1. 7 Å from Cα along Cα→Cβ at both Asp84 and Arg18: what's the point-to-point distance in nm?
2. Which helices pass in the chain if a helix is a full DSSP H run, must span at least 18 angstrom along its long axis by Cα, and must have mean Kyte-Doolittle hydropathy not below -1.0?
3. With all protein chains present, how much of the accessible area of the range 112-156 (probe radius 1.4 Å) comes from carbon and sulfur, to the nearest whole percent?
4. Quick check on the chain: helices-only [θ] at 222 nm, where DSSP H runs of length 4 and up contribute -39,500 (n - 2.57) each and the sum goes over total residues. Nearest 500, please.
5. What dipole magnitude, in Debye to the nearest 20, does the chain give about its Cα centre under +1 on Lys/Arg Cβ and -1 on Asp/Glu Cβ?
6. Please give the length that would be gained between Arg122 and Glu107 if that part of the chain were fully extended, namely 0.36 nm times their separation in residues minus their C-alpha to C-alpha distance (nm, one decimal).
7. Long-range amide H contacts for Val47: which residues qualify at under 5 Å (H placed 1.01 Å from N, peptide plane, sequence gap of 5 or more or a different chain)?
8. If you stretched the chain out fully between Asp42 and Asp10, how much longer would it get, using 0.36 nm times the residue separation minus the C-alpha to C-alpha distance?
Amino acid sequence: MLHCFAGTVDEAIEAVSRGYRISVPSSVGYRKKFADVARRVDLSSIVVETDSPYHSPFVGHWKAAKKAARRSVPSDCLSRTDRDCWVAEQQREVFFAEIDRRYPDLEFDLSRDGVTETVSARQHLANDDRRRENEPTFVRCAATEIATLKGVDGRAVCEATTANARKLFPRLFE
């Protein structure tokens with residue numbers, strides 16, 4: 001397995017021809033080099049990884065939301081502090097609108113003090129740190145992005161990448 005593969009599409013295809021599996025990180029949704037590889041490599045050769053705490057699927061969306069918010073800054077009658085607050089609020093709204101659009105059914109099961117609670121992506125990502133650092137549950141976002149790139153059902157991606165992981169790491173699935 002080529003962990004967090006960051007090479008070219010041609011290199012990925014060559015690696016697959018030699019029997020390697022390509023590991024695609026959760027940042028596939030906003031990193032062109034990962035998206036190009038995921039689009040072109042057959043599902044039978046892809047595994048999805050977290051690469052925690054790096055390659056969060058949300059960092060790129062957060063940065064794009066900030067750029068969009070800065071482009072729509074209101075008139076200069078606001079003080080710098082008020083303008084910065086306005087941009088921050090607009091960034092949050094643009095960010096969450098994009099997350100709701102891309103991952104409409106994304107929920108997280110959180111366990112606290114022995115109690116499991118299901119929360120929306122909006123609730124889970126309300127903490128800035130969660131947008132910056134990756135975690136294993138975000139593989140669902142990568143699977144969604146790969147399905148979109150390939151024009152296939154998300155379940156097909158989950159089944160194929162899980163089967164590939166089972167072949168690579170059989171002891172983990174005993």
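1. 5.0
2. Helix filter hits for the chain: 154-168.
3. 46
4. Rounded to the nearest 500, the figure is -16000 deg cm²/dmol.
5. 520
6. Length gained, Arg122 through Glu107: 4.5 nm.
7. Ile22, Ser23, Val24
8. Once the chain is fully extended between Asp42 and Asp10, it gains 10.2 nm.
The values are calculated or read from the model by the stated rules, or taken from the named source; none is laboratory data. All of these numbers come straight from a predicted model, not from anything done at the bench. Here the Cβ is made from the backbone with ideal geometry for all residues, glycine too, and neighbour counts use every protein chain on show. Ligands, DNA and RNA are stripped out before the accessible areas are found, and what is left, the full protein with its side chains, is counted by its heavy atoms. Shrake-Rupley method; radii C 1.70, N 1.55, O 1.52, S 1.80 Å.
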